[in-house]
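For reference, the structure discussed in these notes is given below.
The values are calculated or read from the model by the stated rules, or taken from the named source; none is laboratory data. All values reported here derive from a predicted model rather than from experimental measurement. With ideal geometry, Cβ positions are generated from the backbone for all residues, glycine too; neighbour counts draw on all protein chains shown.
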Amino acid sequence: MDILSLLGLLIGVGAILGGQFLEGGHIASLINGPACLIVLGGSVGAVMLQSPFRVFMKSLKMVVGIFFPPKLRSDEAIEKIMEWSNIARKEGLLGLEDIAETEADAFAQKGLQLLVDGSEPEVIRRVMEVELDAKEHISMEAAKVFENMGGYSPTIGIIGAVMGLIHVMQNLADPSKLGSGIATAFVATIYGVGLANLLFLPMAGKLKAQVHAQSQLNEMIVEGVISIAEGENPRNIETKLRGFTG
């Protein structure tokens, strides 16, 4: 579990609630169902209208990665590539056939299969980079769904504020209804700005960082596979791949 994400969320929300309490306000005054419905429902509806179905569904699957990010083990990947290199050096590229059939990572498996098929290094690079770019593109678009929600929610919060004020104006003759209308007006604005800056935009930033890290790992696999295809010395391959880990 990503403790930093959990702590960040708790500190951000806690700071706002704590400030409200220290100022003498009631935390319960920030809880407003209609305002929450307006901002959340409006934001989700807007991005559903904007996003292709595939991208939107991908974004929902990526939400888990905020608190449970995928484990990217670059050192283990380098060790596997070194093992492939040594096998290819001793037994030839056909010696990788059994490994290609059992490799768990689909991207690496494709590279191994291209090696076993005897594809030229440039062909391998083109094929793998096309898949890499496609994966990165859709993942980035999915991450931007939350960035777009962060753009819509403050504006929808203002819509909720205006709706609350309309409710107030319609009930000027009944003072008992004025308080709830004013509360919805101001709380909707808080929800819109708060959700954007405490949740949606940070989520988008973290997911983009994860996509970048995954792409970097895949780029390292591409370089490793091509180096094996070119018959490079295993030591030179390891030195090259270590450069990806910083």
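Quick notes on this structure:
- Here GLY243 passes the criteria (1) touching a residue at least 12 places away in the same chain (Cβ under 8 Å); (2) within 30 Å of LEU96 (Cα to Cα); (3) of a type in the set (Gly, Ala, Ser) except the one numbered (1).
- Failed criterion for GLY118 (all others in (1) in contact (Cβ under 8 Å) with a residue 24 or more places away in the chain; (2) crowded, with 17+ Cβ neighbours inside 10 Å hold): (2)
- Among the residues of the range 1-36, those that are under 21 Å from ALA185 (Cβ atoms), surrounded by 11 or more Cβ atoms within 10 Å (Cβ to Cβ) and of a type outside the set (Gly, Ala, Ser) comprise ILE16, LEU17, GLN20, ILE27, LEU30, ILE31, ASN32, PRO34, CYS36.
- The helices (runs of 4 or more DSSP H) found wholly in the range 1-79 and carrying at least 3 residues that are modelled with pLDDT under 90 occupy 3-22, 33-50, 64-67.
- Search result, residues across the range 212-225 that are among the β-branched types (Val, Ile, Thr) and surrounded by fewer than 21 Cβ atoms within 10 Å (Cβ to Cβ): VAL222
- Pairs are defined by a Cβ separation below 7 Å, a sequence spacing of at least 6 or placement on different chains, a first member in the range 45-59 that is closer than 12 Å to TYR152 by Cα, and a second member that is among the aliphatic types (A, V, I, L, M) and part of a helix (DSSP H, G or I); the pairs so defined are VAL47/VAL145; VAL47/MET149.
- Residues of the range 197-246 satisfying the condition of being part of a loop (DSSP other than H, G, I, E, B) and of a type in the set (S, T, N, Q): ASN233
- Between GLU122, GLU136, the distinction of being among the charged types (D, E, K, R) and within 27 Å of GLY8 (Cα to Cα) belongs to GLU136 only.
- Residue list for the range 123-137, restricted to those being aliphatic (A, V, I, L, M) and either out of contact with any helix residue (DSSP H, G or I) (no Cβ under 9 Å at 6 or more places or on another chain) or over 12 Å from GLU219 (Cα atoms) (or both): VAL123, ILE124, VAL127, VAL130, ALA134
- Taking residues in the range 145-173 that are free of Cβ contacts under 8 Å to residues at least 12 places away in the same chain, and partners anywhere that are buried (at least 18 other Cβ atoms within 10 Å of the Cβ), the pairs with Cβ atoms closer than 7 Å and at least 6 places apart or on different chains are ASN171/GLY181.
- The residue list GLU219, GLU223, GLU147 contains one member that is among the acidic types (Asp, Glu) and in contact with a helix residue (DSSP H, G or I) (Cβ under 6 Å, 6 or more places away or on another chain), which is GLU147.
- Residues that are of a type in the set (S, T, N, Q), in contact (Cβ under 8 Å) with a residue 12 or more places away in the chain and farther than 30 Å from ILE16 by Cα, drawn from the range 199-240: GLN214, SER215, GLN216, ASN218, SER227
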